[in-house]
1. Considering only residues that are polar (S, T, N, Q), closer than 22 Å to T180 by Cβ and not in a loop (DSSP other than H, G, I, E, B), which ones fall in the range 397-430?
2. Please specify each residue of the range 775-823 satisfying the condition of being part of a strand (DSSP E or B), open to solvent by 60 Å² or more (accessible area, probe 1.4 Å) and touching a residue at least 60 places away in the same chain (Cβ under 8 Å).
3. Identify the single condition in (1) modelled with pLDDT of 95 or more; (2) closer than 23 Å to P41 by Cβ that E107 does not satisfy, given that it satisfies every other one.
4. Of all residues in the range 437-459, which are at pLDDT 95 or above and either assigned to a helix (DSSP H, G or I) or hydrophobic (A, V, I, L, M, F, W, C) (or both)?
5. Kindly provide the set of residues from the range 511-528 that are within 20 Å of L53 (Cα to Cα) and either surrounded by fewer than 20 Cβ atoms within 10 Å (Cβ to Cβ) or among the polar types (S, T, N, Q) (or both), ordered by number.
6. Only one of V721, V684 is under 37 Å from the mean Cα position of the chain (by Cα), among the aliphatic types (A, V, I, L, M) and in a loop (DSSP other than H, G, I, E, B); which?
7. Just give me the residues in the range 586-601 being small (G, A, S) and surrounded by fewer than 17 Cβ atoms within 10 Å (Cβ to Cβ), in sequence order.
8. Please find, within the range 755-774, the residue that is nearest to the chain's Cα centre (by Cα) out of those that are under 20 Å from A868 (Cβ atoms), open to solvent by 10 Å² or more (accessible area, probe 1.4 Å) and polar (S, T, N, Q).
Amino acid sequence: METAYNPSAIESKWYAYWLEQKLFESKVDSREPYTIVIPPPNVTGVLHMGHMLNNTIQDVLIRRARLQQKNACWVPGTDHASIATEAKVVARLKERGIAKETLSREEFLKHAWEWTEEYGGVILEQLKRLGASCDWSRTTFTMDQHMYDSVIEVFVDLYEKGHIYRGYRMVNWDPEAKTTLSDEEVIYQEREGNLYYIQYPYTDGSGALTVATTRPETIFGDVAICVNPDDPRYTDKLGKTVLVPIVNREIPIISDTYVDAEFGTGCLKITPAHDQNDKAIGDKYALEVIDALNADATLNAYALHYEGLDRFEARPKIAEELQSLGLLLKVENHLNKVGTSERTGAVVEPRLLDQWFLKMDELVKPAIDAVLKSGEIKLHPSKFDNTYKHWLENIRDWNISRQLWWGQQIPAFYYDNTFVVARTLEEAVDKANERAQSAKSDKRYTAVDLRQDEDVLDTWFSSWLWPISVFNGILEPDNKDINYYYPTSDLVTGPDILFFWVARMIISGYEYRKTYPFKNVYLTGLVRDKQGRKMSKSLGNSPDALGLIDTYGADAVRVGLLLSSAAGNDLLFDESLCQQGRNFANKIWNAFRLITSWEVAWIAQPEASKIGIEWFNSQFNSTLDFIEDQYAKYRISDALMALYKLIWDDYCAWLLELIKPAYQQPIDATTRQEAFELMERLLVVLHPFMPFLTEELWQQLDKRADTESICVAHWPSSGPVNQELMSQFSHTQAVISALRTLRTEKQLKPKELLDIQTQQTDQPQVIPEVLSKLGFTSPITIVESAGENTLSLRIETTEYYIPIEAQINLEEEVEKLQAELEYQRGFLEMVNQKLSNKRFVDNAPEAVVAVERKKAADALEKIQAIEATLSKLT
């Protein structure tokens, strides 16, 4: 074997082997299913640190399920990502000198599919580098035919149930993507802006009314000025009219209690086309609607000589003109909450459009109960229950239409100022004719008379069906796959899409399967840099995910990510974590090299080895119980850390040192075999975290058939734990560690034989065979009192003495001990002062006070031990 673990050749070899053996593929059988559906990444996406963390956790869970002999099925796939993908296709067309507007829908979709086939699925290939053990035969794309048809089927079904309706509403408009957004896709950010105090002259020439606005470019859509009816400043102004500056359009002064008399000047300009609340007032008073913006947020003909200018470009120019007209009274700094597109970052515009909406008030009820009442679904960590509750209890109707071409086209067909909703054009024609017949009309319609809605459905309207549709449970609701694999077991995702995706999948699950879509939701944190900043290209702090794998190996990167990634808490990523993972891989590699390098002989098993094996079995069983508990609580990082310590500390640092034969001497066959068996059990438990390394070593531990793999080995079961032995071994370890520290401090030879004494006959039993081999001591002797020139070691409640004779400089030792004594006395005085403070003792949490009392007791114990040692040395 090589002296250091070299992951590059090993990883490609074993991944190819796993695929060849079809070890990740799952078919319906009699075993218990364990199912995970991947959160589908954007089809044109590339692997980043968030994907690495999320998919590593999924792989850990799915690999463990295989080892538990469950029928593990991890379904991979990608999302068509309407807005993001269409934007990339439009950009490429622009590079080729082609404008989207010059293409027919069919021509554009041809380009979109060309892009998808060229770049789509790259991320899935990258996940293989990470070791993701998905059932690739089940790879699904949200635009696959059965997925597309499932979305259409659900739209038609919900429309026929009365849950979907078409309405002319104020919606969120993304002027960059040129599409609507749901309320949840709008991210509000605090931005520094201005408050402009604009004067609207009274038409009777009696002066002007001052109105404060943050958006002077919308004055072209003003249709009224509104004041609070209880505001005495404007009582005599009601019924008057004013002129809109620049436009010189006459508009009325009206009153409504909605207006906040304390904000600005107490006057509100009413622009129904550009504000949700203005629209409500406009409807209430039957005001005209004037839309002054184009779809790309440039000003239109209503803005006169500003036509064609971008809204933000026009704003200072309009302010400048108002100033020149003497109509801009003042400008103040103003902190404003601005809605931005979650997809493009563009500032969102309110816009009036005919849109399709899904009523949520009834559909959401089972989803609220499942998490917050019955507990059928558990969020891990549970702190996200409150976030979930807030979102679902304040849910609004979902705007599900998007002004795009890439996606599932809305199955609504228009004719004669009406429409029908149907799965296909042929079905739509039939419905139109049935409606005409019912109305006793002689008119008959053909396909050319009907026009399908140009818009597509929100991407989330396809992915909310993901756990059902990947098993074709919408189109074939009783097929064997959906009946076997659904509900799925666990979902691993980020809290940022708890509402967008998780909650909606729960809603669709209860609507279409009458049960939950998954039992547990593991919510990962965000991967941040070591300064706590969110990773982004603009900051240049997002490492190349594949570059990390190239440098450290997939196993090392997986371990590095998981060692500091508690559920729901953000991970502060530092590349040194990957180095730590690589060091761990090398530690295991070298431990394997060591145990396979020993010459074996059929000789008696040393007592120290026998005890060590028995102790490690108990330690393994105890740790395995802890690991199982951490898995049950979805504390994956804690499970890995416990295993890390079991391997690095207990197996490598203690057991292997204890059983290691003397230089150039053989090891007994019994110990070697037991060390191999323990290594095999460790490799199996470690396999979900480090699949490549464990496969390589597991294959070499024993003769394996060509088709065997650790992937489908058996997860070990826990056994008895000898607590008395573990306690004795722990005490012995503490004595040995203290002796090693003593040797270092006193510059004694590492293997020089030391005498060790104690006065206590009732001390915890030290295991002599272990102490002798690893501590390099003679057997412990019981003495009536400590002799002269002895050093003291206090381990728990037992004091040990080490006769030092001429081995150290007594003057230096006394000086060191006196300095330590001085420090401990000062520390004790400081703690006692805190404990004598009645206010602290009465008000501090009981646990905090208990910690301080323990500090005082420990310091006193150390002082007494140092004083006893000094009395013997002086």
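1. Hits for the range 397-430 are N399, S401, Q409.
2. Of all residues in the range 775-823, those part of a strand (DSSP E or B) come to 777, 781-782, 790-795, 798-803.
From what's left, open to solvent by 60 Å² or more (accessible area, probe 1.4 Å): 781-782, 794.
Correct list: R794 only.
3. With (1) modelled with pLDDT of 95 or more; (2) closer than 23 Å to P41 by Cβ applied to E107, the lone miss is (2).
4. A447, V448, D449, L450, V456, L457
5. Scanning the range 511-528 gives N520, T524, G525, L526, R528.
6. Of the residues listed, the single one that is under 37 Å from the mean Cα position of the chain (by Cα), among the aliphatic types (A, V, I, L, M) and in a loop (DSSP other than H, G, I, E, B) is V721.
7. S597, A601
8. Q763
The values are calculated or read from the model by the stated rules, or taken from the named source; none is laboratory data. Small disclaimer: the values here were computed from a predicted structure and weren't measured. Cβ: placed from backbone, ideal geometry, glycine included. Neighbour counts: every protein chain shown. Side chains included, ligands, DNA and RNA excluded: accessible areas come from the protein's heavy atoms. Shrake-Rupley method; radii C 1.70, N 1.55, O 1.52, S 1.80 Å.
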